[in-house]
Amino acid sequence: MTGTEPAAHEIDTTRPHPARVYDWFLGGKDNYPVDERLGRQIAAIVDQGAPRAARANRAFMRRATRALAEESGIRQFLDIGTGIPTEPNLHQIAQSVAPDARVVYVDNDPIVLAHAGALLRGTPEGVTEYVQADARDPHTILEQAARVLDFDRPVALSLIALLHFIADEDGARDLVATLVDALAPGSCLVLSTMTADFEPENVRKGIDAYAAGGVTLVARSQAEVGVFFEGLDLLAPGIVSVADWRPDRAPDTGAPVSLYGAVGHKRAS
Ligand SMILES: C[S@@+](CC[C@H](N)C(=O)[O-])C[C@H]1O[C@@H](n2cnc3c(N)ncnc32)[C@H](O)[C@@H]1O
């Protein structure tokens, strides 16, 4: 399903890409000078705020995935907007709880495809697959994922740090509704997305810096994030900063992490 490796010319090194800027925040090596430049500019808005937020977001992914595998018994995972592999990846968390877990990763950036090999090294009992597709085309994603996942059984759908790259006018609400509609009862939606609720000034500066680099970012209020969970039951503690979603260590004393995170459960209708 991975298709062919992307041709070198498909990786545009003349302008920053979200997956590569995020990789730079996380201390990765799969980024280019143009990504580092924007990363440094954003990290300087609040001293190291963006790298800290990226780490808090990864930790949210790990805690939410583990909770769904351990407590909800979910064995199938569909992760859209996967990003450049960063250990531990989602399948490593899920398969450490349930070696037979089946995981489908989706991203639309050729740099992620180029590194997808690292996402495909799972347990012998489980399955991991990579699909190159755009989140704004949920029907294609569902069709491709159905080769690996059984949509009559619960699936954890994760859209982690993805939706702030997709405006509502660009179909964010519709794509979430289409994907959630396709899930069986017992499935869950895991989501994190940027907000300006905690630090409006600084977040505005970050949005402006991304916009100058040609990347559109959308900040959403808690109520706007709640719209994605309509018809689902929010698991405790609800929609909170990713750092406050079931933390497994004492909170640090830094600035608030401007990403909301939440998990919703689809009940039987
Ligand atoms: C900030 S990274 C998040 C990576 C990972 N989910 C995490 O939270 O650690 C956002 C990812 O979303 C991907 N992305 C952005 N827009 C997308 C779209 N329309 N379709 C698919 N992937 C998209 C980017 O390529 C990037 O890899």
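Some values worked out for this structure:
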{"read-out": "Whether segment 165-247 is rounded, prolate or oblate, judged on the alpha carbon gyration tensor where a/c under 1.5 counts as rounded", "value": "oblate"}
{"read-out": "Value at 222 nm in deg cm²/dmol, rounded to 500, when DSSP H runs of n ≥ 4 in the chain each add -39,500 (n - 2.57)", "value": "-10000 deg cm²/dmol"}
{"read-out": "Cα Rg, Dmax, segment 106-170, angstrom units", "value": "13.1, 42"}
{"read-out": "For the chain, share of DSSP beta bridges that run antiparallel, in % to the nearest 5", "value": "35 percent"}
{"read-out": "Three-way shape label, segment 1-126, alpha-carbon gyration tensor, a/c 1.5", "value": "oblate"}
{"read-out": "Three-way shape label, segment 75-184, alpha-carbon gyration tensor, a/c 1.5", "value": "oblate"}
{"read-out": "Linear extension gain, R153 paired with A177, 0.36 nm per residue minus alpha-carbon span", "value": "6.8 nm"}
{"read-out": "Among 142-148, 191-197, the order from most to least packed when residues are scored by Cβ within 10 Å on average", "value": "191-197, 142-148"}
{"read-out": "Spin-label model distance (nm) - R204 vs R15, 7 Å beyond Cα toward Cβ", "value": "2.5 nm"}
{"read-out": "Relative contact order (percent, whole number), the chain, Cα cutoff 8 Å, 6+ residue spacing", "value": "19 percent"}
{"read-out": "Equivalent ellipsoid dimensions for segment 8-265 as semi-axes, Å, which come from the Cα gyration tensor, largest first", "value": "26, 21, 18"}
{"read-out": "Max mean-square fluctuation residue, GNM over the chain, Cα-Cα springs under 10 Å, options L120, L68, L162", "value": "L120"}
{"read-out": "Charged-residue dipole, Cβ positions (Lys, Arg, Asp, Glu), the chain about Cα centre, Debye nearest 20", "value": "620 debye"}
{"read-out": "Among A43, A219, A243: highest mean-square fluctuation, GNM of the chain, C-alpha pairs under 10 Å", "value": "A43"}
{"read-out": "Among H115, H164, H17, residue whose mean-square fluctuation peaks in a GNM of the chain (springs only between Cα atoms under 10 Å)", "value": "H115"}
{"read-out": "Only Lys, Arg (+1) and Asp, Glu (-1) charged, at Cβ; segment 212-268 dipole about Cα centre in debye", "value": "120 debye"}
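Coordinate-derived values only; no laboratory data. The shown structure was predicted, so the numbers you read here are calculated from the model rather than taken from an experiment. Using ideal geometry, Cβ is built from the backbone for each residue, glycine included, and neighbour counts are taken over all protein chains shown.
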